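The values are calculated or read from the model by the stated rules, or taken from the named source; none is laboratory data. All figures in this text were calculated on a predicted structure; none of them were measured in a lab. When we count neighbours, we look across all protein chains shown, and the Cβ atoms used for this are built from the backbone with ideal geometry, even at glycine.
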Amino acid sequence: MTELTQAEDMAYFRADLCLYSPESYSLDEKKGICNDMMATSKAVLDTMRNDFEQHSPRCSRQAPGHALCLRRRKPPSGGGMSSWAKETRSTTS
């Protein structure tokens with residue numbers, strides 16, 4: 001993955017140089033730079049997708065925060081005022 005991201009960074013760097021000085025590049029060079037940007041970005045996305053798909057559904061259910069989604073939300077007690085707000089209110093009065 002590191003090599004792919006480095007290749008993508010290089011393709012976008014070349015594009016930045018081309019935008020800075022477009023007269024220095026021929027039309028074919030510009031086309032090649034654009035094609036490199038698209039190809040490297042697609043390769044990075046495909047690698048991420050493949051990596052994601054390799055995880056079983058069981059693993060994805062154990063992702064951090066999953067239990068938070070499944071738990072029912074309880075309404076806050078005391079009319080919705082948090083404990084720190086109550087403490088602050090009582091100490092300032």
- Does residue 46 fit the bill of being at pLDDT 95 or above and either of a type outside the set (Val, Ile, Thr) or touching a Cys at 6+ places or on another chain (Cβ under 7 Å) (or both)? no
- Name the pairs whose Cβ atoms lie under 7 Å apart, with the first residue in the stretch 40-52 and more than 17 Å from residue 13 (Cα to Cα), the second aliphatic (A, V, I, L, M) and outside any helix (DSSP H, G or I), and 6 or more positions between them or separate chains? 47/1
- Return the residue satisfying two criteria in turn: it lies in the stretch 1-21 and is surrounded by 10 or more Cβ atoms within 10 Å (Cβ to Cβ) and among the polar types (S, T, N, Q), and of such residues it is farthest from residue 42 (Cα to Cα). 6
